[in-house]
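Nothing in this text is a laboratory measurement; each read-out follows from the coordinates by a stated rule. What you are looking at is a predicted structure, and each value in this text was computed from that prediction instead of being measured. Don't worry about glycine lacking a Cβ; one is built from the backbone with ideal geometry, like all the others, and counts go over all protein chains shown.
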């Protein structure tokens, strides 16, 4: 990269492309926002206009409200904005998730958003997009994070459900309401045809997935059948429902949680669930390294999560790498806790960090 | 080992006590008695001498998995458990090949513990490394984790010994308390031992075997005993000593001193050992070891006793400086008969008679005669100046029960000392607190500097821990390996039981049992206490 202004840079509103005068996944209201996917830490309302990949528009409309103006591009379709040409390419994260390719005078940047390389029946597979600069997520950037296949995890979930059924217990599986829940329903559809019960927060998103033609197990909403015997049933609920009065009806249920964090025994025990299923919509360590290699990028900028680790490792491997500070929350924040723009982190804004990766970054105040 | 790995996985995958007991019972019933014996050993929390140090394991891991040392360290910090880090990194290492040590997957638990692991003991450094890394490569992650845990001596399974006893008592059809007693003290995990454990009658009474300890429940510091406990006359009151709880056994011509942690420490306290030899054959005392100089009115502080704890054979000079004596408060066995079902009052009377002519190193823990609650409450208020932790309140007619049975025995400690200190460092915890910053260092002011005074790990609610963890990540000034230096902004109220001089700490003081009492978000760093104020606490304590 030469001394010119980088094509995309962090600002206090989010990642900004000056040559096109737009933001990518801004965390404050802006004029034009390009959105990688509909999770709360990437899609925030209040901007004047939005542009996203067409398979994700219905989810985005739901997230942002009916009055938000959302324009769509098919995957691969190019559009000129200001001095740049942009296009959206499948990221394999959730339905409609996209990497954003930006080309400016022959220079290509790709902003990955969140992505994964493992097959997922609910969304288009990740597409490798060659580029000069690759802005990658880094949620799980340690070699301890290696995912088993989704199919295998689905079989584990089914075994757990069967065991609980045999012993007359309900199974309550906590999954993020957007993406993970539907992925589980779709993976399980290959193994059984039993109905699954959904928490009210999961139902509308699942309907949108069905409308998009995703095949999943039949579902019913829990609230419609409050006084029934839950023994033997599988219930899918967002993690936020754990420990709430809503859970009382499932007395004696076995609880499980689907997340990449469940790879670690300590995380599993800390959260107090009976079972942890290692299922993530983010790239694991081999997935990150493979993707970075395949894009052929000369420079890699890492966002959220353990970006320091990835940056340092890449540098030691001779790859030019840096960290980009953003407010993306990764697997913990996705679709759950939206970050209050009034917090100190947002007020402090974001800054590009090219410092040595061994020292931790902290917000300038 | 495969069966044990499955059991471990089952125990780990449920929070239900019933399910855990059922899983253990099924395991004990299905594996050969030799493996079952070792499983009881491991599950009930017994551990063997560590065969390999953590530093060595980390070094071997780094060489075996091929990642840079810092990345291995970062991974370890995220996982919070070395054996698990090893299992995860070895499973993911690109050159990982299963099955290169054919058959190692099916080595039994007993063979691991009796043959494979002990073989490391006499091996030289290089072959130790080769052996262990070959196991890591050949074993599946679950077994690699367990083998590594066993070789560091540190497998914790998360089942209490009472739960293991419950599973075994169901299998043997004997009461749980009986099984708990059979699991006490010294035993060798062999097939014969396991078969004896399950026998209807206890064939081999081992003279050194202690009874399970009866544990008191805490009474709130500000409780009103007349409301909580009723009539003063139903209760016996004594000081809660700040020493080491010990069960002393006089049987078979020998004597044995067991700590609460079931460590046999007889040889460490020769003066007490000699005094116990004067007791008649066949008696067992529940008691407290205290550092106490002849003629003194009260015990030396616990920090003095600490000098004796680690010393296997204390020298003459140390024994003179820190003489140890025993204060007995209960009699569990007399003339070879188990007295535990008898009322406490009766046991105490016999105990007093027994100790009538005992040497000074063997005393009777006195009863407090304050005959109503108000005067007893007044006596308790003098605890700190007497160097005791508060009061023990025991029901006169109580039997000596097993474990923490509520209702008959209460410990009524005095309010702890407190100070307000600033958090300056944070470190990630281990186990279930891994990858969360939960271990904090606190400092107080000395002029314009903050001087560390205590480390504390406990006291915050889970939600507070998560919130503080986020704050720490955003306010890190510098990282030193796993430790983060944070902006000195957050103030915490620390509670602690006592304070002593310490040459090892920069502040010159050491706090006893420091823990976090409250996160003082209402205070700024300048509101925290100064070192002078802390030292005043120390002087106040000494003046009394």
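Mind jotting down the three principal axis lengths of the protein assembly as shown based on Cα atoms? Whole angstrom, largest first.
Cα extents, longest axis first: 102, 67, 65 Å.
222 nm [θ] for chain B, helices only, -39500 (n - 2.57) per DSSP H run of 4+, per residue, to 500?
Details: 20 runs with 197 residues, N = 544.
So the helix-based figure for chain B works out to -10500 deg cm²/dmol.
Can you pull the Kirkwood radius for region B:2-152, inverse mean 1/r over Cα pairs, to one decimal in Å?
Values: mean 1/r = 0.0616 Å⁻¹.
About 16.2 Å, per the Kirkwood formula over Cα pairs.
What number, in nm² with one decimal, is the all-direction average of the projected area of the convex hull of the alpha-carbon atoms of region B:191-318? Could the numbers behind the result be given before it?
Numbers: hull surface 49.8 nm².
Average of the hull's projected areas for region B:191-318 equals 12.5 nm².
I'd like the antiparallel share, as a percent to the nearest 5, of DSSP beta bridges with both residues in chain A.
On the way: 22 of 60 bridges.
Approximately 35 percent, going by the DSSP bridge assignments.
Normalising by the residue count of region B:431-495, find the relative contact order in percent from Cα pairs under 8 Å and 6+ residues apart.
Details: 53 pairs, mean separation 14.5, N = 65.
Relative contact order of region B:431-495: 22 percent.
When the Cα centres of region A:281-324 and region A:74-93 are compared, how far apart do they sit, in Å?
When both Cα centres are located, 22 Å separates them.
Summarise the partner chain shielding of A:311-318 as one whole number: the mean count of Cβ atoms from other chains within 10 Å of each residue's Cβ. Please report the intermediate quantities before stating the final value.
Details: counts 0, 4, 5, 0, 0, 3, 1, 0.
The mean count of partner-chain Cβ atoms within 10 Å per residue comes to 2.
Hey, what did chain A get for relative contact order, percent, Cα under 8 Å, at least 6 apart? Let's see the in-between values first.
Values: 823 pairs, mean separation 63.7, N = 365.
It comes to 17 percent, rounded to a whole number.
Springs between alpha-carbon atoms under 10 Å, Gaussian network over chain A: tell me which of A:221, A:99, A:267 tops the mean-square fluctuations.
A:267
Given Cα pairs under 8 Å that are at least 6 residues apart, what percent is the relative contact order of chain B?
12
Which values of log₁₀ I(q)/I(0), to two decimal places, follow from the Debye formula for region B:101-189 at q = 0.20, 0.25 Å⁻¹ with a uniform point scatterer at every Cα?
Log10 I(q)/I(0), no solvent term: -0.98, -1.24.
Could you work out the mean count of beta carbons from other protein chains within 10 Å of each residue's beta carbon in A:278-287? Display every interim value, and only then the final one.
Values: counts 0, 0, 0, 0, 0, 0, 1, 3, 2, 0.
Taking all residues of A:278-287 together, the mean is 1.
In Å, the Kirkwood hydrodynamic radius of region A:1-116 over pairs of distinct alpha carbons? Walk me through the numbers on the way to the answer.
Values: mean 1/r = 0.0718 Å⁻¹.
Result for region A:1-116, one decimal place: 13.9 Å.
Could you give the angle, 0 to 90 degrees to the nearest 10, between helix A:180-189's Cα long axis and the longest principal axis of the Cα atoms of chain A?
50
Return an integer: the convex hull volume of the alpha-carbon atoms of region B:329-391, in Å³ per residue.
Values: hull volume 7.3 nm³, N = 63.
So the per-residue hull volume is 116 Å³.
Quick one: the Cα spread of region B:270-425 along its three principal axes, in angstroms, biggest first?
Projected onto the principal axes, the Cα atoms of region B:270-425 cover 57, 44, 32 Å.
Which angle from 0 to 90°, rounded to the nearest 10, does the C-alpha axis of helix A:307-316 make with the longest principal axis of chain A?
With both axes taken from Cα atoms, the answer is about 60 degrees.
What's the center-to-center distance, using Cα atoms, between region B:283-353 and region B:195-228 in Å?
Rounded to whole Å, the Cα centres lie 18 Å apart.
Using Cα atoms only, what is the angle between the long axis of helix A:150-166 and the major principal axis of chain A, expressed in degrees (0 to 90) to the nearest 10?
Helix A:150-166 sits at roughly 20 degrees to that axis.
Going out from 0 in 10 Å bins, what whole percent of all Cα-Cα distances in region B:356-409 drops into each bin?
Over region B:356-409, the share of Cα pairs per 10 Å bin runs 18, 38, 39, 5 percent.
State the extension gain, in nm to one decimal, for the chain segment bounded by residue B:479 and residue B:318, taking 0.36 nm per residue of separation less the distance between their alpha-carbons. Before the final figure, lay out the partial values.
Details: separation 161, 0.36 × 161 = 57.96 nm, distance 4.17 nm.
Taking residue B:479 through residue B:318 to full extension adds about 53.8 nm, to one decimal.
If one puts a single equal scatterer on every Cα of chain A and applies the Debye formula without solvent, what log₁₀ I(q)/I(0) results at q = 0.07, 0.08, 0.14 Å⁻¹?
Calculated log10 I(q)/I(0) at the listed q: -0.30, -0.39, -1.16.
Report the Cα centroid-to-centroid distance between region B:115-169 and region B:372-401 in angstrom, as an integer.
45
Using every Cα-Cα pair within chain B, state what percent have a distance larger than 43 Å. Walk me through the intermediate numbers first.
Numbers: 42133 of 147696 pairs.
The proportion of pairs with Cα distances above 43 Å equals 29 percent.
When every alpha-carbon pair in region B:417-543 is counted, what percent end up more than 23 Å apart?
Values: 2174 of 8001 pairs.
Beyond 23 Å sits 27 percent of the P(r) for region B:417-543.
Decide, for region A:52-151, between rounded, prolate and oblate: order the square roots of the alpha carbon gyration tensor eigenvalues as a ≥ b ≥ c, take rounded if a/c falls under 1.5, and otherwise choose prolate if a/b is larger than b/c, else oblate.
It comes out oblate by the Cα gyration axes.
Can you give the % of DSSP beta bridges in the protein assembly as shown that are antiparallel, to the nearest 5? Display every interim value, and only then the final one.
On the way: 92 of 138 bridges.
Given both bridge residues lie in the protein assembly as shown, the antiparallel proportion sits at roughly 65 percent.
So for region B:354-453: antiparallel DSSP bridges make up what percent, rounded to the nearest 5?
Details: 15 of 16 bridges.
Antiparallel: roughly 95 percent of the beta bridges in region B:354-453.
Which residue, A:262, A:216, A:247, tops the fluctuation ranking in a GNM of chain A built on C-alpha contacts under 10 Å?
It is A:247.
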